[in-house]
Amino acid sequence: MKILIYNDKTGVRGGTETYVNSIKKALEGRGFVVDRLTIDVRDFSKFTSSRFPKWYKFRDGLFYKKNVGQAIEQKIREFQPDLIHINNNAYFTSTILQVANRLNIPALQTIHDYRLIPKAGENAFITWVKKIRLGIVKKRTTHFIAPSYKFEKTLETHGVKNAIYIPHYIELDQWETDQEHIREKRILYIGRLEIEKGIYVLFDAWRKIAHEFPDYQLLFIGEGSESKNLAKAIQDHQLDKQTELHPFKPQAVIKEHLYTSELIVVPSAYREMFGLIGLEAFACDIPVIASDVAGIPEWCIHEKTGLLTPMEDVPALAKAMKKLLNNPAFAKKLAENAHQFLHESHDKEKSIDILEQLYRQLN
């Protein structure tokens, strides 16, 4: 069986790309013939360079884009897949669905974020656009995969009946180790440097307690549009001796940081679909604090596998950080529980079994 996996980002900058790379490798190991098609938005859309980016995002997301459609059709005719597995519901999804439908190829989608779903308090025009887009996607998608149980139910409330929950997983052999490590007085953030990821919530919480932990350091690892602003905030508040900002690192370096730090914080300030960094932290036995939002509570179970704090609640986050830094026995217990939970609830082979079964059902 031949599977074409589509996504619209190159490299590895988050959970979507990690997921795509992992399932490709796993499926090839089971005898599937797998190829990837990446339509990089930077090459096919003017929204990245235009003075009117919202207009191009609106147009490219809703309507057929000829040059993208031609590139997709050429790849399909060359590879002749039995099924297309789409990732990233953004930019050109409408175009690839239209091509797949015209060529009578089943189109499966893993939904990695909440972009399709309207939210309370959102601009009326954006809500209208999302409803139109959701209608297009619902009509043309053969089946949906939801990486979180909560999102499967969310899709159902918006009229999506052809959805299945398949738990996310990580490549455990790449993260677990028998090597001994010494924990240093370091707090981690690993992810994109964007406002919606909660970086300033974490920084403001750190500002409240940094003076109580003079030997500790907060380390941000990531890249994004807020890199310079965050660096300036660190300087302005004279926390440069206790706070560092590093670009994205190779997995081996990230792994080393996870094994040699005392705490990692996932302070998401938006509807996080899942958050694979949580599972990676569990594998490396580092305690986790995360935002109580969307899919995160499915793995960060409060006071069992980690601590949850309300989204964008700076005092609550500061309090949780103090609680774990001042109580290493409790922090260690959370990490032990989390490691066990990872093995029990996010097994790679079980997830790939479900995915394979779905592929064969749709073929």
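The values are calculated or read from the model by the stated rules, or taken from the named source; none is laboratory data. Computed from a prediction, not measured in an experiment: that's the story for all the values here. Reconstructed Cβ throughout: ideal geometry from the backbone, glycine too, with neighbour counts over all protein chains shown.
Residues in the range 330-363 that are under 26 Å from Asp204 (Cα atoms) and over 26 Å from the mean Cα position of the chain (by Cα): Phe330 only. Of all the numbered requirements in (1) assigned by TED's automatic domain parsing to the domain that holds His339; (2) outside any helix (DSSP H, G or I); (3) within 30 Å of Ile352 (Cα to Cα), Glu256 misses one, and that requirement is (2). Of all the listed residues (Lys255, Lys241, Lys232, Lys228), the sole one being under 30 Å from Ser22 (Cα atoms), out of contact with any Leu (no Cβ under 9 Å at 6 or more places or on another chain) and among the basic types (Lys, Arg) is Lys255. Of the helices (runs of 4 or more DSSP H) contained entirely in the range 289-363, those carrying at least 2 residues that are of a type in the set (Ser, Thr, Tyr) and surrounded by 15 or more Cβ atoms within 10 Å (Cβ to Cβ) fall at 348-362. Can you find a residue that is polar (S, T, N, Q) and at pLDDT below 90 anywhere in the range 21-29? For the range 21-29, residues polar (S, T, N, Q) and at pLDDT below 90: present. Filtered by the rule that a residue be in a loop (DSSP other than H, G, I, E, B), surrounded by 21 or more Cβ atoms within 10 Å (Cβ to Cβ) and in contact with a Leu (Cβ under 9 Å, 6 or more places away or on another chain), the range 262-288 gives Pro267, Cys284, Ile286, Pro287.
Picking from Asp60, Asp43, which residue would you name as being more than 16 Å from Leu4 (Cα to Cα), surrounded by 20 or more Cβ atoms within 10 Å (Cβ to Cβ) and acidic (Asp, Glu)? It is Asp60. Among the candidates Arg192, Arg140, the residue that is outside the structural domain of Thr16 (by TED's automatic domain parsing), basic (Lys, Arg) and either without any contact (Cβ under 8 Å) to a residue 40 or more places away in the chain or surrounded by 14 or more Cβ atoms within 10 Å (Cβ to Cβ) (or both) is uniquely Arg192. Of all residues in the range 42-91, those that are of a type in the set (A, V, I, L, M, F, W, C) and within 19 Å of Ile126 (Cβ to Cβ) total 7. Contact map, the range 114-132: residues that are under 17 Å from Glu196 (Cα atoms) paired with residues that are among the hydroxyl-bearing types (Ser, Thr, Tyr) and part of a helix (DSSP H, G or I), Cβ distance under 7 Å, separation 6+ or inter-chain. Pairs shown: Ile117/Thr154; Pro118/Thr127.
Filtering Leu83, Leu97, Leu103, Leu62 for residues that are assigned by TED's automatic domain parsing to the domain that holds Lys131 and more than 26 Å from Leu27 (Cα to Cα) leaves a single hit, Leu62. Tallying residues that are under 17 Å from Phe92 (Cβ atoms) and either of a type in the set (S, T, N, Q) or assigned to a strand (DSSP E or B) (or both) within the range 108-163 yields 4. If you go through the range 146-201 and keep only what is on the phi > 0 side of the Ramachandran plot and at pLDDT 95 or above, you end up with just Gly198.
When the range 211-225 is filtered for residues that are closer than 29 Å to Trp175 by Cβ and either within 18 Å of the chain's Cα centre (by Cα) or part of a helix (DSSP H, G or I) (or both), the ones remaining, listed by number, are Phe220, Ile221, Gly222, Glu223, Gly224, Ser225. In the range 293-312, the count of residues that are touching a residue at least 60 places away in the same chain (Cβ under 8 Å), out of contact with any strand residue (DSSP E or B) (no Cβ under 7 Å at 6 or more places or on another chain) and either polar (S, T, N, Q) or on the phi > 0 side of the Ramachandran plot (or both) is one or more.
Answer yes if at least one residue in the range 61-72 is of a type in the set (S, T, N, Q) and either under 24 Å from the mean Cα position of the chain (by Cα) or modelled with pLDDT of 95 or more (or both), and no otherwise. There is no residue in the range 61-72 that is of a type in the set (S, T, N, Q) and either under 24 Å from the mean Cα position of the chain (by Cα) or modelled with pLDDT of 95 or more (or both). Beta carbons closer than 7 Å, at least 6 apart along the sequence or on distinct chains, never pair a first residue in the range 34-55 that is more than 22 Å from Ile84 (Cβ to Cβ) with a second that is part of a strand (DSSP E or B).
Suppose we filter the range 239-253 for residues that are within 28 Å of Pro214 (Cβ to Cβ), crowded, with 16+ Cβ neighbours inside 10 Å and either outside the structural domain of Leu307 (by TED's automatic domain parsing) or not polar (S, T, N, Q) (or both); how many remain? Total meeting the criteria: 2.
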